[in-house]
Amino acid sequence: MAVRALRETRPDPIVYRRIVVPLEDDGESELGVALAAELAPEKGAAITVVVVIEVPAELPLDAHMHAEEELAQRALEKASAIGAARGLRLRSRIVRARSRGEAIVAEAEAADADLVVVRSSRPTGTALFDRTVDHVLRHASCRVLVLRR
């Protein structure tokens, strides 16, 4: 009887229908995509993978950055292959911005995301997370799952 009552009072599990996964070009971003695919309910979630190309302030946002664009395209292709292997179709985006964190938050808002899966690189100083993850945690209007190396 007590077990039944416990089951009836448990909150419903969290279901993520719109997930944003920012990618990096270092070959380790696949973990975020694979995790998003596992969290996606019954292949019905919209997963958006995004690569943010940070453009230095001294360059215009539309400056030619061929090497960065090529790396971004490769990262998106890898992510698409991971999604396809799990029966998912991912939305892919390349965004140019001055700040990676601001761009990720904007992408999450545009997608009306339930979750952002972001990977944290090594922070500097005494910070717990790097500046990108710190910005996303402070400003995203959805849940944020941080993957640490």
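Where a number appears in this text, it was derived from the coordinates with a stated rule and is not lab data. Just so we're clear, the structure is a prediction, and the values are computed from it rather than from any experiment. Note that each Cβ is placed from the backbone with ideal geometry, even for glycine, and that neighbours are counted across all protein chains shown.
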**Request:** Quick one: which residues, 5+ away or cross-chain, put their amide H under 5 Å from the amide H of residue 96? H built at 1.01 Å from N.
**Result:** 53
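Please compute the length gained on full extension between residue 106 and residue 84, using 0.36 nm multiplied by the number of residues separating them and subtracting their Cα-Cα distance. Spell out each step's value before the answer.
On the way: separation 22, 0.36 × 22 = 7.92 nm, distance 2.58 nm.
Stretched fully, the residue 106-residue 84 segment lengthens by 5.3 nm.
Report the full-extension gain for the segment residue 57 to residue 77: residue separation times 0.36 nm, less the Cα-Cα distance, to one decimal in nm. Walk me through the intermediate numbers first.
Details: separation 20, 0.36 × 20 = 7.20 nm, distance 2.82 nm.
Taking residue 57 through residue 77 to full extension adds about 4.4 nm, to one decimal.
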**Prompt:** Computed FRET efficiency, Cβ-Cβ of residue 134 and residue 66, R0 22 Å: what is it to the nearest 0.05?
**Reply:** 0.15
